[in-house]
Amino acid sequence: MLTLHRSLQVRGEEVILKMLGLYVRLQTWFTGFGERAREERGATLVEYGLLVALIAAVAILVVTTLGKKVSNAFSSVNGNTP
């Protein structure tokens, strides 16, 4: 049998207890997932709406910024062609 130093055994037990605690929390969370999904349907709809609005705002900003640069690049190429 492998014998470990007492501090290593204590540390190993702490890790095992932390892992067990994490497992129990995850299992509890997944067990109530369906119920929470039904209760939070309106909240998630609002969150998705905000997410879509944020993505749209970023897309508009990027297109506006890059659009000017691309337009300037094409104008420069057009001006340099014989």
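Summary of values
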| quantity | calculated |
| --- | --- |
| Residue check, Leu51 at negative phi, modelled with pLDDT of 85 or more and surrounded by 10 or more Cβ atoms within 10 Å (Cβ to Cβ) | yes |
| Number of the condition not met by Glu35 [criteria: (1) modelled with pLDDT of 70 or more; (2) surrounded by 10 or more Cβ atoms within 10 Å (Cβ to Cβ)] | (2) |
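The values are calculated or read from the model by the stated rules, or taken from the named source; none is laboratory data. Being a predicted model, the structure only gives us computed values, none of them experimental. For neighbour counting, all protein chains shown are included, and Cβ atoms are generated from backbone atoms with ideal geometry for every residue, glycine included.
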